[in-house]
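The values are calculated or read from the model by the stated rules, or taken from the named source; none is laboratory data. The model shown is predicted, which means the values in this text are computed figures rather than measured ones. As a convention, Cβ positions derive from the backbone with ideal geometry for all residues, glycine included, and neighbour counts pool all protein chains shown.
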């Protein structure tokens, strides 16, 4: 079978033939149907975050259960599933206190007795979700069964981008109806922050980006105002549009420390700034201490603070009822063999979200 492998950081992925083991105790083999092209994978490819190479890449996807290992009770063959790059064991401190996105098992412990089920000849290949593969093997704790009438190419986006963006609004910030929301960065995740703000009942939703095509997409997804940060001061413009001293909630969805600072400065005193983006590992953030002391909040939103077994089926239902836009997010589809072309388009800012369809 084919898989996209990162053999060395700062080099293109290699689509190669690999072998995969049958699932072990508590594990599930999934036949992948679609996988999303997410900026987080690009961070690992570019070396901004460490990667356990060689690695079968991809963390956002959906598919059909092919077979299950001993002791699996969460899913059965032919079930349709969305994969989660963070498992939820259900028994650790974070899981039982309602924060399964911080599960102590962690992504690196998805396999119970061996870090990988993939091999290229005699060489073991590291993996997590490994969505860029025709088949993958995951712990049953890293997937959720969904309804069969949900299109799996759309469901794949819920594996990361949709859950991260919508969840940051509904779970992390708990945006209140009638609020003003500023979204700094209108890529695949930022567009879903905008969707989350719509679902939350925000009145002013201010999209900030440097690319006109992304601002057009943001308006189509529900933004009420667009600010081109390459043409005007985004902080001053957000403050002006808010009608106050800033937005009630500002979301940074780029992954750049300087944009976190902008989002913080564009937030009303007593408001909340949510860092959704994934900055380079260890990058410092500079903010003024006085607004923080006076009650302005800066917090992070990892994986949309998701309870994936609850939130992902809910997002599926929202899509099926017409309240969540997923079709509009998919700008392009690629075959696995063209995956590097897909990442190049992502880096150029040409797409909202692309998918690999198997």
note = By residue number, the members of the stretch 218-247 that are buried (at least 19 other Cβ atoms within 10 Å of the Cβ) and within 17 Å of residue 165 (Cα to Cα) are 218, 221, 223
query = So is residue 349 closer than 30 Å to residue 14 by Cα, assigned by TED's automatic domain parsing to the domain that holds residue 12, assigned to a loop (DSSP other than H, G, I, E, B) and in contact (Cβ under 8 Å) with a residue 60 or more places away in the chain or not?
reply = yes
request  = Give the stretch 318-337 a look and list any residue that's assigned to a helix (DSSP H, G or I) and surrounded by 14 or more Cβ atoms within 10 Å (Cβ to Cβ), or say none.
outcome  = 318, 319, 320, 329, 336
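Is the stretch 251-263 home to any residue that is in contact with a helix residue (DSSP H, G or I) (Cβ under 6 Å, 6 or more places away or on another chain) and assigned to a helix (DSSP H, G or I)? Lay out the reasoning, then the answer.
From the stretch 251-263, those in contact with a helix residue (DSSP H, G or I) (Cβ under 6 Å, 6 or more places away or on another chain) are 251-253, 262; that's our starting set.
Those still in the list that are assigned to a helix (DSSP H, G or I) too: 262.
Yes, the conditions are met somewhere in the stretch 251-263.
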message = Quick test for you: out of 277, 243, 295, pick the one residue that is assigned by TED's automatic domain parsing to the domain that holds residue 183, at positive phi, in contact (Cβ under 8 Å) with a residue 60 or more places away in the chain and touching a strand residue (DSSP E or B) at 6+ places or on another chain (Cβ under 8 Å).
response = 243
ask   = Does the stretch 72-90 hold any residues that are modelled with pLDDT of 95 or more and surrounded by fewer than 17 Cβ atoms within 10 Å (Cβ to Cβ), and which are they?
value = 73, 76, 77, 78
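Confirm whether residue 58 is assigned to a loop (DSSP other than H, G, I, E, B) and either assigned by TED's automatic domain parsing to the domain that holds residue 186 or closer than 30 Å to residue 255 by Cβ (or both).
Taking the combined requirement at face value, the residue satisfies it.
Could you list, in sequence order, the residues of the stretch 19-35 that are surrounded by fewer than 22 Cβ atoms within 10 Å (Cβ to Cβ) and either assigned to a loop (DSSP other than H, G, I, E, B) or touching a helix residue (DSSP H, G or I) at 6+ places or on another chain (Cβ under 6 Å) (or both)?
Within the stretch 19-35, 21, 22, 24, 25, 26, 33 qualify.
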key: Neighbours by Cβ (under 8 Å, 6+ apart or cross-chain): first from the stretch 99-128, assigned by TED's automatic domain parsing to the domain that holds residue 26; second at pLDDT below 55 and in a loop (DSSP other than H, G, I, E, B)   = 117/111; 128/110
note = Here the residues within the stretch 263-293 that are more than 21 Å from the chain's Cα centre (by Cα) and surrounded by fewer than 19 Cβ atoms within 10 Å (Cβ to Cβ) are 269, 270, 284, 285, 286, 287, 288, 289, 290, 292, 293
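Here is a yes/no grid of residues against (1) buried (at least 22 other Cβ atoms within 10 Å of the Cβ); (2) in contact with a strand residue (DSSP E or B) (Cβ under 9 Å, 6 or more places away or on another chain); (3) free of Cβ contacts under 8 Å to residues at least 12 places away in the same chain; (4) in the same structural domain as residue 336 (by TED's automatic domain parsing):
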site	(1), (2), (3), (4)
9	no, no, no, yes
17	no, yes, no, yes
37	yes, yes, no, yes
42	no, no, no, yes
48	no, no, no, yes
note = How many residues of the stretch 208-217 are buried (at least 20 other Cβ atoms within 10 Å of the Cβ) and closer than 19 Å to residue 262 by Cα? The answer is 4
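In this structure, is residue 175 closer than 24 Å to residue 307 by Cα, part of a loop (DSSP other than H, G, I, E, B) and modelled with pLDDT under 95? Give the derivation first.
On the way: closer than 24 Å to residue 307 by Cα: yes; part of a loop (DSSP other than H, G, I, E, B): yes; modelled with pLDDT under 95: no.
Spelling it out, it is not the case that residue 175 is closer than 24 Å to residue 307 by Cα, part of a loop (DSSP other than H, G, I, E, B) and modelled with pLDDT under 95.
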message = Residue under question is residue 216, and the condition is that it be outside any loop (DSSP other than H, G, I, E, B), within 23 Å of the chain's Cα centre (by Cα) and without any contact (Cβ under 8 Å) to a residue 12 or more places away in the chain; does it hold?
response = yes
